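The values are calculated or read from the model by the stated rules, or taken from the named source; none is laboratory data. Just so you know, these numbers come straight off a predicted model, no measurement behind them. Cβ atoms come from the backbone with ideal geometry, glycine included; neighbour counts cover every protein chain shown. The area values use the complete protein model at the heavy-atom level, side chains included, leaving out ligands, DNA and RNA. Shrake-Rupley method; radii C 1.70, N 1.55, O 1.52, S 1.80 Å.
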Amino acid sequence: TAKCIPLQSIYFGGGTPSLAPLSTLRAILHSILHSTNTPFHEYGDIEITIEMDPGTFTLEYLHNLKSLGINRISLGVQSFDDDILQNIGRTHRLKDIYSSLNIIQQVFGDDKANYSIDLISGLPGLTLSKWEETLRIATTKLTPRPVHLSLYDLQVEEGTVFGRKYNPDDWLDDDDDDDEDDDVYTEEREKNSGVSGSALSFSSTPAIKTAISQSSQSPLPSQPPLPTPDDCASMYRYASEYLRSKGYEHYEISSYAFVGNNNDDIHFVDNLLDRSECNKSSHDSNHLYWEGIDKERRVRYRSKHNQIYWGIGSEWYAVGLGSTSSIRGHRFSRPRTMFDYVKWVNKQKEMFNRTFDGPINNTHSLHWLPDWLPSYQQEREDKENIDDDEFLADVIMTRLRTAEGMDLDWITEYFGDHGREKVDKVLRGAQLGLELNLAYRTPKMQENESDDNNDQDGYLRLVDPDGFLFSNTIISSIFAELGDTG
């Protein structure tokens, strides 16, 4: 059978996949990679990630996961402070974190331990000094060293456990004139579970706020305070500068990847570039800082899976409650409750069985198109009716959250005769950010040292970290320009 869909990533996320039986994970991976009627084939060095919480897996279990082909771990550390962990309803403690890292070290070794840790700023009781200590532990006290860090800011919503403990109105608006209070970046964890022409993952798209809101912990008599918005912004800024000094590139608004090898001296990057040269062009200091490192080394520990989400025209197939697929320009979300999900799956089975009379063989699935998957004819029709500005807005939303930024020349090329007009709208929307040094443009001549690119628009990027902090405002201004047909 034809295996026509190239697969770069498989991601088990949402909840705690490390609690799943090995037989379940084995069956899923076999169906995707090895069954006779799978439509997927491995493309390059496939990344297979599983989310795990400290204290939820044993040495034997992780050995078995490695034998299944799982080669990357996302460890939900959140904090190294036991009091904070208890207050947010986490069951693990600091000793569990170190115990889990010891297991990872035994299974993968120091040099090949490809794992990421999640940390949350903005948590109750977290101060600036505690956040500094959190990052210090993450970069200097863990063995093996994490090669990737994901940093998220707590988001409190009404109706959740935290919403009842902390009224967002009491701390989100302090009645001052600092607009930054309303634009501190808050991150929802965007890890689907499903498959893609480039990525595959399993389960719903969980948010940090959701994971915390499901805590069954009873309210404590005296709640520690939440950090102020100013403190949250300071934590974000500090993380960006500190992690860069420790060899982690801030390649996406909430993601950092180590640019060396695990056995490298953590201070190796100090010799790459004189700090005074960085300061001469502060708006592009992040790119100048890493200029001396080859691309392969820079991207080695980035999350392949999440980069697919941030790419242009990427596809992914998601499986599980509430998970969202993106296929040939169409997005499809599965039911969010177990009752509705089972009902939907049974309906799909009935439709499949009605399509074919007689015994079912392995080739039938190749000739059957689910009702939620667009046909190629529908794809062609939709391309003719697509809302160009809506599509462009989606691309801008994802690309401006990355260090590479938005390729303005891609807009010109993709939209043809209307490309110049759309680039002008994007730049008008970003004008205030450009004037305030929250965004900047980089000619492609600096990227490839070519002298033939003077007529190109280059890249639009957000400054790290302040541009990222104000990303919502800048992107909203661009959207407003794109929506203005006058």
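For region 387-410, what are the residues that are within 15 Å of LEU427 (Cβ to Cβ), in contact with a helix residue (DSSP H, G or I) (Cβ under 8 Å, 6 or more places away or on another chain), open to solvent by 10 Å² or more (accessible area, probe 1.4 Å) and free of Cβ contacts under 8 Å to residues at least 60 places away in the same chain?
Within region 387-410, ASP407 is the sole residue that qualifies.
Tally up the residues in region 317-340 that are open to solvent by 50 Å² or more (accessible area, probe 1.4 Å), touching a Ser or Thr at 6+ places or on another chain (Cβ under 9 Å), among the aliphatic types (A, V, I, L, M) and not in a loop (DSSP other than H, G, I, E, B), please.
Counting residues in region 317-340 that are open to solvent by 50 Å² or more (accessible area, probe 1.4 Å), touching a Ser or Thr at 6+ places or on another chain (Cβ under 9 Å), among the aliphatic types (A, V, I, L, M) and not in a loop (DSSP other than H, G, I, E, B) gives 1.
So which residues in region 33-60 are in contact with a Leu (Cβ under 7 Å, 6 or more places away or on another chain), within 20 Å of SER303 (Cβ to Cβ) and open to solvent by 10 Å² or more (accessible area, probe 1.4 Å)?
Answer for region 33-60, where residues must be in contact with a Leu (Cβ under 7 Å, 6 or more places away or on another chain), within 20 Å of SER303 (Cβ to Cβ) and open to solvent by 10 Å² or more (accessible area, probe 1.4 Å): PHE40, GLU42, TYR43, ILE46.
Hey, ALA138 hits all of (1) more than 28 Å from THR49 (Cα to Cα); (2) at pLDDT 95 or above; (3) not β-branched (Val, Ile, Thr) but one; which does it fall short on?
Of everything listed in (1) more than 28 Å from THR49 (Cα to Cα); (2) at pLDDT 95 or above; (3) not β-branched (Val, Ile, Thr), ALA138 misses just condition (1).
Among the residues of region 86-119, how many are hydroxyl-bearing (Ser, Thr, Tyr) and open to solvent by 20 Å² or more (accessible area, probe 1.4 Å)?
Within region 86-119, residues that are hydroxyl-bearing (Ser, Thr, Tyr) and open to solvent by 20 Å² or more (accessible area, probe 1.4 Å) number 3.
Just to be sure I understand the filter: pairs with C-beta atoms under 8 Å, separated by 6 or more residues or on different chains, first member in region 97-115 and within 18 Å of GLY55 (Cα to Cα) and part of a helix (DSSP H, G or I), second member open to solvent by less than 10 Å² (accessible area, probe 1.4 Å) and hydroxyl-bearing (Ser, Thr, Tyr). Which pairs pass?
ILE104/TYR115; PHE108/TYR115
Does GLY44 satisfy the condition of being modelled with pLDDT under 95 and more than 27 Å from TYR317 (Cα to Cα)?
no
Step by step: first the residues of region 70-89, then only those that are among the β-branched types (Val, Ile, Thr) and under 16 Å from GLU51 (Cα atoms), then the one that is nearest to the chain's Cα centre (by Cα). Which residue is that?
Per the stated criteria, the residue is ILE73.
Test HIS63 against the stated conditions and say whether it is open to solvent by 60 Å² or more (accessible area, probe 1.4 Å), more than 21 Å from the chain's Cα centre (by Cα), of a type outside the set (Val, Ile, Thr) and more than 24 Å from GLY109 (Cβ to Cβ).
The answer is no for HIS63.
For the structure I just gave you, tell me whether SER9 is among the polar types (S, T, N, Q), open to solvent by less than 60 Å² (accessible area, probe 1.4 Å), more than 26 Å from LYS130 (Cα to Cα) and assigned to a strand (DSSP E or B).
yes
Pick out the one residue from ALA20, ALA27 that is over 27 Å from TRP131 (Cβ atoms) and surrounded by 14 or more Cβ atoms within 10 Å (Cβ to Cβ).
Exactly one of ALA20, ALA27 is over 27 Å from TRP131 (Cβ atoms) and surrounded by 14 or more Cβ atoms within 10 Å (Cβ to Cβ), namely ALA20.
I'm trying to understand the selection: among the residues of region 139-163, which are in contact with a strand residue (DSSP E or B) (Cβ under 6 Å, 6 or more places away or on another chain) and either more than 27 Å from ASN114 (Cβ to Cβ) or in a loop (DSSP other than H, G, I, E, B) (or both)?
The answer is PRO146, VAL147, LEU154.
For residues that are among the basic types (Lys, Arg) and within 16 Å of VAL319 (Cα to Cα), scanning just region 342-356, find the one that is least open to solvent (accessible area, probe 1.4 Å).
By that ranking, first place goes to LYS347.
Consider region 21-70. How many of its residues are part of a loop (DSSP other than H, G, I, E, B) and more than 17 Å from SER100 (Cβ to Cβ)?
The total comes to 8.
Kindly provide the set of residues from region 140-165 that are among the β-branched types (Val, Ile, Thr) and open to solvent by 10 Å² or more (accessible area, probe 1.4 Å), ordered by number.
If the condition is that a residue be among the β-branched types (Val, Ile, Thr) and open to solvent by 10 Å² or more (accessible area, probe 1.4 Å), then THR140, THR143, VAL156, THR160, VAL161 are the ones that fit.
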